[in-house]
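Any read-out appearing in this document is the output of simple, stated calculations on the displayed coordinates, not a laboratory observation. Note that this is a predicted model, so its numbers are computed, not measured. Don't worry about glycine lacking a Cβ; one is built from the backbone with ideal geometry, like all the others, and counts go over all protein chains shown.
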Amino acid sequence: MVNKDEVKKIAGLARLRLEGDELEKLTKDFNGILDFVAQINEVDTSQARPFDHVLDSVNIFREDKPHSVITEEDIRKIAPKTEAGYIVVPRVIETGE
Amino acid sequence: MGYKPTIGLEVHVQLNTASKLFSTAATSFGAAPNANVSPVCLGLPGALPVLNREALDKAVLAGIALEGQIHHRSKFDRKNYFYPDLPKGYQISQFFEPYCTKGRIIIGKGETQKEIGITRIHMEEDAGKLIHSEDANIPESYVDLNRAGTPLIEIVSEPEIKSADEAVDYLTRLKSILSYIEVSDCNMEEGSLRVDCNVSIAPEGVDTLGTRVEIKNVNSFKAVKASIEYEMERQADLLDSGGSVKQETRLWNATLNCTMSMRSKEEAHDYRYFPDPDLTPILLTDDEIEKIRQKLPELSEQKKKRFIEQYELPEYDAGVLTVERDVADYFEETVRLGAPAKKASNWIMVEMMAITGERNNTLKDLFSPEILAELIGEIENGAISGKIGKSVFEILINEGGKPKEIIAARGMAQISDEGQIAKIVDEVLGDNASAVEDFKAGKDRALKALQGEIMKRTKGKVNPQLANKILLEKLK
C-alpha cells in the first residue's frame, strides 16, 4: 500500500505536477495495481535466482571501433535549439550530480 | 581539543578506449561540441546500448592491478535523475553487482607502510558537460554531450585514510598503477581522473565516526591536500565552538582556498536504482580473467626493487624513476644504449625532470634516450668535461641537435693533448709570475687563481684533471 505522500514524492521525482483530485485518484489506482501484483507473493521464490533479464542471453559485447552515425546537421534538426554546436536548454543550475 | 580525521576517497577514472562505453561514438578530448555523439548518448528512442569489450577488459585489468576480487558475474543498473547532462534521464552504472570488490593500495614506506582497502570498483558512463552563463539573467544553459557515455571506473576506498598526506600518497600510487597498466591517461586537468573526498573528524580516543562531509571539485593533488586540511580545521572549529557538523556536499574553491556549501535541494537524492533491462549480465570465466591477468606489466613497486638490484641505484633514485612508467622506460632505454646507470639517473632526475616539471611535458618531448646516451657517452669517454656537458645539454634543450655534432661544430671538445696543455700551462705561469711566487710562499689560494686562468684561456675546455696534474708538476 502507498499513501498520498509517497505518490506525491514519486510524482515529484518524475517531474509531474498533479492537479485537482489527481493525487487522490492516482493513489487509488496505484494501490489497485499493487494489490493485483501482490498475488505473486503467494509463489514460493526461496529457491529462485533473482530475475534480472527477460532473455537468457549474456555477454553481448561490441568491438572498440568508433564510427559516427549521426551528424551535426541531424542534431540541429532534432534539438529544440542549438547554438555554435551546443544544444540549448532552459537554464538549469543544480550543482549536485 | 584534539581530533582525529577519517578520510575516504571516491575516484572516477576515464578509461582510454577509442569509443564510448555503450556506443560507437568516439571519445577524443577537445572535439567540437557534440561532434562525438551517437543516438545512445542523445537518449534517442529505440537506441540500445551495447557494452564495449575493450572497456570491460581495461576495467578488469585495473581491478586485478589493485588486487581486487573480480566477480564472475556482474550487471548494469540505472541510476535515475533528471538533468540535461544525460538526456536518457538515467546514468548506467553498477550498483547491485559491481564487477570488482575488495582491492587494496599500499601507502607509506618502511615502518610506516600501511594498507588502504578498496571497497569496490564499478563501471559506469560519464555525463555530458553543461555551460551556464555567468550572467544569471540569461535563461539558457548550453549542453555538450561529447563526454556523455565515456567509460569510467569508480574506485571507492575504505574510510581508512588518516591524513591529507596519506590521501595524496594513496592517489599518487593509484595514478601510478593505472598509468602503468595504460588503462587511463590519468590527467586531472583534463578530467580523466577526478576525486571526491569524504572527510569526518572525531575527538581523540572516541571510537564512533563524526558526521561525514563530501568535497567535490578537487582538481589536483594540491587541491586534495588543501581541501582536506581546510575541512578538518573547519569541522574542528565548529565542534570546538559547541556547534555540530552538517552532513552535506561542499565544493572546493581553488581560488579562495576553502570549501563552500553547495546549494542543496531540501529532499535527498532518490536515484531509484534498478537493473537496466537493455543490457545483459556479464559473465566472466576463470580463464578469461586469467587471460587479462597475463597482460599485467611489472608495476612500480616491483620495478623499484629491480632497479635497486639490477642497476645498483640508491633507493631514492629507484623510487623517483619508477613513479611513472614512461620515466622508468626512458631510463632503461638510456642504460641499454650504454650509459652508466647512476649517470643516466642523475641526468634524468636532476636536469631533465626539472625542465619537464616546469614545462609540464615528458622526457621524450625534450629529446630521445639516444641523445641522452650519446651526451653521457661523450662525457664518459673524456671528449667533453662534465661542465661542458651541461652547456651541450642547454643547447639540446633550447635548440635541439645531436651532442657529437654540437661539440664538433662549436669547438667544445675537451683539450686532452698533454703537449698542448703543457704549452698553455707554461704561458699562464709566465704571465702570472707573482701568483707562482705566492704559491711557492705557501699561499694555496694562488693555485686556484692559476687553475682559473688556465680554464679561462681554454674557455673551460681543458681536461681539468690533466691540466691540474701538469700544473702541479711544473710548480714543483
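Laid out as a table, the results:
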{"quantity": "Sites residue B:443 and residue B:315, calculated FRET efficiency, Cβ-Cβ separation with R0 45 Å, nearest 0.05", "calculated": "0.55"}
{"quantity": "Neighbour-count order for B:71, A:67, fewest beta carbons within 10 angstrom listed first", "calculated": "A:67, B:71"}
{"quantity": "Spherically averaged projected area of region B:418-475 from its Cα convex hull (nm²)", "calculated": "3.4 nm²"}
{"quantity": "Dipole of region A:14-97, positive end: most advanced residue of A:41, A:78, A:18 [Cβ charges, Cα centre]", "calculated": "A:78"}
{"quantity": "Segment residue B:208-residue B:346, extension gain: residue separation times 0.36 nm, minus the distance between their alpha carbons", "calculated": "44.8 nm"}
{"quantity": "Shape call, region B:3-290: gyration tensor on alpha carbons, a/c limit 1.5", "calculated": "oblate"}
{"quantity": "Hits among aspartates and glutamates - C-alpha to C-alpha of residue B:291 under 17 Å, sequence gap 8 or more where chains match", "calculated": "B:54, B:57, B:67, B:182"}
{"quantity": "Cβ charges +1 (Lys, Arg) and -1 (Asp, Glu), total dipole of the protein assembly as shown, debye", "calculated": "1520 debye"}
{"quantity": "Length added when fully stretched, residue B:189-residue B:32, from 0.36 nm per residue minus Cα-Cα", "calculated": "54.7 nm"}
{"quantity": "Net charge over other residues, Cβ less than 12 angstrom from the Cβ of residue B:122 (K, R count +1; D, E count -1)", "calculated": "-3"}
{"quantity": "Average other protein chain Cβ within 10 Å of Cβ, residues A:4-15", "calculated": "2"}
{"quantity": "Distance between modelled label sites at residue B:244 and residue B:432, nm, 7 Å Cα→Cβ extension", "calculated": "8.1 nm"}
{"quantity": "Label-point separation in nm, residue A:62 to residue B:356, each point 7 Å along Cα→Cβ", "calculated": "3.7 nm"}
{"quantity": "HN-Hα J in Hz across region A:49-60 - Karplus 6.51, -1.76, 1.60, θ = phi - 60°, x for Gly and Pro", "calculated": "6, x, 8, 10, 7, 5, 9, 7, 5, 9, 6, 9"}
{"quantity": "Check: region B:418-475 dipole with +1 on Lys, Arg Cβ and -1 on Asp, Glu Cβ, in debye", "calculated": "240 debye"}
{"quantity": "Selection from B:13, B:26, B:105, by position along the positive dipole direction of region B:8-114 (Cβ)", "calculated": "B:105"}
{"quantity": "Diffusion coefficient, µm² s⁻¹, Stokes-Einstein with Kirkwood Rh over alpha-carbon pairs of region B:300-409 at 10 °C and 1.306 mPa s", "calculated": "113 µm²/s"}
{"quantity": "Helix-only CD estimate at 222 nm, as mean residue ellipticity for the protein assembly as shown, using -39500 (n - 2.57) per DSSP H run (n ≥ 4)", "calculated": "-11500 deg cm²/dmol"}
{"quantity": "Rounded to 5, the percent of DSSP beta bridges in chain B classed as antiparallel", "calculated": "90 percent"}
{"quantity": "Pairwise label distance in nanometres, residue B:380 with residue A:54, each label 7 Å out on the Cα-Cβ vector", "calculated": "7.0 nm"}
{"quantity": "Over 31 Å between alpha carbons, listed pairs B:342/B:404; B:175/B:402; B:109/B:225; B:58/B:109; B:216/B:342; B:343/B:443", "calculated": "B:175/B:402; B:216/B:342; B:343/B:443"}
{"quantity": "Sites residue B:163 and residue B:326 - FRET efficiency at Förster radius 25 Å, r taken between beta-carbons, to 0.05", "calculated": "0.25"}
{"quantity": "Largest to smallest principal axis extent of the C-alpha atoms in the protein assembly as shown, angstrom", "calculated": "115, 60, 56"}
{"quantity": "Pairs of lysine residues in chain A - Cα separation under 17 Å, sequence separation of 8 or more or cross-chain", "calculated": "6"}
{"quantity": "Lys/Arg +1, Asp/Glu -1 at C-beta; region B:82-237 dipole; positive extreme among B:221, B:235, B:171", "calculated": "B:171"}
{"quantity": "Distance from region B:348-392 to region B:131-157 (C-alpha centre basis), Å", "calculated": "43 Å"}
{"quantity": "Residue mean of other protein chain beta carbons inside 10 Å, A:79-85", "calculated": "3"}
